[in-house]
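In what follows, a single structure is set out as structure tokens and then discussed.
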Amino acid sequence: QVQLVESGGGLVQPGGSLRLSCAASGSFFSIGTMGWYRQAPGKQRELVATITSGGRTNYADSVKGRFAISRDNAKNTVYLQMNSLKPEDTAVYYCDADALPNLSSDYKNYWGQGTRVTVSS
């Protein structure tokens, strides 16, 4: 089983910055693509950014140029640096990871519990 634990959420003023972290733990052979998604009140969960194990990144248009995703493969941790935050970035942010439990299985998808980000003056 794989556990994803997010941290770093909170309340920030418009224009401010936050850094989210998500650490994977448990029993697995390797971690593949990791990513961040968010869900605002009354809206569907949406992609924010993803990063492959090789470092290839993908961003939602709404966050390009403001957010940066990175990872530390040695620590099985993914980060999301969020700059120039806007009220519309307010949401619960979820970490997502594809993990290989063992060599005889396929990659499985796991989600964290979420961390709340509120952008407000």
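The values are calculated or read from the model by the stated rules, or taken from the named source; none is laboratory data. Keep in mind that what you see is a predicted model, and the values were worked out from it rather than measured. Counting neighbours? That spans all protein chains shown, and the Cβs are built from the backbone with ideal geometry, glycine included. SASA here: full protein model, heavy atoms, side chains in, ligands and nucleic acids out. Shrake-Rupley method; radii C 1.70, N 1.55, O 1.52, S 1.80 Å.
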Report summary line: Counted residues in the range 72-88 being more than 21 Å from G10 (Cα to Cα) and not aliphatic (A, V, I, L, M) come to 4
Requested in this report: Filter the range 88-108 down to residues that are within 22 Å of K43 (Cα to Cα), open to solvent by 10 Å² or more (accessible area, probe 1.4 Å) and not aromatic (F, W, Y), then give me how many there are.
Outcome: 4
Query raised in the report: From the set of residues in the range 22-39 that are in contact with an Asp or Glu (Cβ under 8 Å, 6 or more places away or on another chain) and of a type in the set (A, V, I, L, M, F, W, C), which is farthest from V2 (Cα to Cα)?
Result: W36
Requested in this report: Determine which single condition L20 fails, assuming it passes every other condition in (1) at pLDDT below 95; (2) surrounded by 14 or more Cβ atoms within 10 Å (Cβ to Cβ); (3) not polar (S, T, N, Q).
Outcome: (1)
Query raised in the report: Limited to the range 89-121, what total is found for residues that are free of Cβ contacts under 8 Å to residues at least 24 places away in the same chain and within 21 Å of P14 (Cα to Cα)?
Result: 0
Query raised in the report: Looking at this structure, is T57 in contact with a Lys or Arg (Cβ under 9 Å, 6 or more places away or on another chain) and either under 13 Å from V117 (Cα atoms) or not small (G, A, S) (or both)?
Result: no
Query raised in the report: Among (1) among the basic types (K, R); (2) out of contact with any Phe, Trp or Tyr (no Cβ under 8 Å at 6 or more places or on another chain); (3) in contact (Cβ under 8 Å) with a residue 12 or more places away in the chain, which single condition is K64 missing?
Result: (3)
Report task. Name the single residue, out of those in the range 37-74 being among the hydrophobic types (A, V, I, L, M, F, W, C) and under 18 Å from W111 (Cα atoms), that is most open to solvent (accessible area, probe 1.4 Å). Result -> L47
